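Have a look at the structure below before the remarks.
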Amino acid sequence: MIRRLSRDRLAVLAALVVPVVVAVTEIAVWGRRQRVAASRRAGYLEGISGAARAVAAGGSASALIDKVTGQLTQLLSLRSCTFQRGVAGLGRPARLRHDGSVTIGQRAWDVDGEGFPTGSDTELLVESGGLFQGRFLMTPAAEGRPTLEQRLLAVALADQVGAALATSHPGRPELNGRRTAVRRGGGGEPRRELAAGLAAGAAR
């Protein structure tokens with residue numbers, strides 16, 4: 001049958017079929033990438049969840065913090081990352097918020113287009129149930145452009161640390177060699193921001 005088709009008809013058939021084949025191939029490649037990304041996310045969270053459970057059972061919080069520090073450095077393409085207990089806002093850094101956005105003071109920063117601000121560090125607060133524990137202070141690499149999904153995963157990792165610290169040292173983060181309770185208002189707001197951000201990330 002194909003042999004009887006004229007060249008014009010063959011050209012029309014090719015014009016119809018080739019885009020479909022290309023589209024199917026692109027969808028398949030996209031699907032594989034999504035599965036790899038999902039597996040990587042699950043690996044991050046499972047590893048941190050295991051470490052957090054160990055802390056809750058009496059293990060070392062330092063080991064969990066070191067693990068998350070390394071994960072954040074890799075995930076967000078950071079030059080350096082340190083955890084500071086009982087500190088927030090010191091030095092007026094930019095802030096990675098629970099919905100994945102980044103702000104400098106009250107001004108929103110286009111992290112999707114420009115990456116993290118390079119003129120200052122960026123902090124990621126660590127808290128659980130409205131109880132503040134500390135922050136991860138992150139120095140970005142100039143070429144880093146973390147996606148919304150990566151930033152939300154970073155928030156989830158910090159939340160694991162907050163929950164573990166709240167269990168191991170409830171209400172008593174260390175500050176300048178002393179233990180003191182530091183509470184932040186609006187304990188439910190970060191969780192709502194994270195849920196909204198995850199939904200936005202999934203929609204992209």
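The table below gives the values:
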read-out: Under the Karplus curve 6.51 cos²θ - 1.76 cosθ + 1.60, θ = phi - 60°, whole-Hz ³J(HN,Hα) for region 148-157, x wherever Gly or Pro sits; value: 4, 4, 5, 5, 5, 5, 4, 4, 5, 5
read-out: Taking LEU124, LEU75 and counting other C-beta atoms within 10 Å, the order from fewest to most; value: LEU75, LEU124
read-out: Dipole of region 57-108 [Lys/Arg +1, Asp/Glu -1 at C-beta], most positive-end residue of THR69, VAL102, GLN84; value: VAL102
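Every number here is computed from the coordinates shown, using simple stated rules; none is lab data. Not measured: the values here are computed from a predicted model. Neighbour counts are summed over all protein chains in view; Cβ atoms, including those assigned to glycine, are modelled from backbone coordinates with ideal geometry.
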